[in-house]
Each structure stands twice: as C-alpha cells, then as structure tokens.
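Below is one structure; the comments refer to it alone.
Derivation of every value follows stated rules applied to the coordinates shown; laboratory data play no part. This is a predicted model, so every value here is computed, not measured. Positions of Cβ are generated from backbone atoms using ideal geometry, with glycine treated the same way; all protein chains shown enter the neighbour counts.
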C-alpha cells in the first residue's frame, strides 16, 4: 500500500499534548506506523559529553503515531489524502481541495 504521508510533508497534529501544532516530517517508520515531526512531541534527553559532541540536556523530537497526523493543504487546513491516476501515474491528492500533492 502506498504511503499517505511522506518525508518532507507538512502535517498538523490532531490529538495529544501537541494538538494543533504544525511541522515537517523528517522521518517515517512504516513498520512501526510512526513518524518523527520537527518540533512536535519533543522530549529532553540527557547526554554525556564526548569528543565529538557537547553534553547536556538536548531536546529531541520523538516518534508520533501516523493516525494522529493529518496533511496540511494549500489553505493551511488539515485534509485527508486520496489516490488517483493522472497520465498513467498514481498520485496523491488532497480530498478537501482535490488538488494533487
């Protein structure tokens, strides 16, 4: 099955502590059904100093379930994603506007 949300998509969080926040997907984990969104679901990780990196409290974006995310259309609102064929290719489109993504 094709992925409705992909790396680089701008999404909005539908539920949870970060409800309403928007961000860009930086990583998708299809097996776990999760994605990492920039600036959403941030946790503080304590790291030890090493030769290559500074130690301390470092904020890190943690994975969030794909069911809690929705794609943002050109109007800036959440929309569902559908698939259709255009010129023999399968493309994603925003169900609210009907525009290809």
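Determine the gain in length on full extension of the stretch residue 7-residue 90; use 0.36 nm per residue of separation and subtract their C-alpha separation, reporting nm with one decimal.
Working: separation 83, 0.36 × 83 = 29.88 nm, distance 1.77 nm.
Result for the pair: 28.1 nm of gain on full extension.
The modelled label-to-label distance between residue 101 and residue 14, using points 7 Å beyond Cα along the C-beta direction, is 1.2 nm.
Apply 1/(1 + (r/R0)^6) to the Cβ-Cβ distance of residue 74 and residue 50, taking R0 = 35 Å, and write down the FRET efficiency to the nearest 0.05.
On the way: r = 44 Å, r/R0 = 1.26.
E between residue 74 and residue 50, to the nearest 0.05, is 0.20.
When only Cα pairs below 8 angstrom with a gap of at least 6 residues are kept, the range 10-73 shows a relative contact order of 35 percent.
For the range 1-51, the equivalent ellipsoid derived from the alpha-carbon gyration tensor has semi-axes of 23, 16, 10 Å in decreasing order.
Once the mean of 1/r is taken over each pair of separate Cα atoms and inverted, the chain shows a Kirkwood hydrodynamic radius of 15.1 Å.
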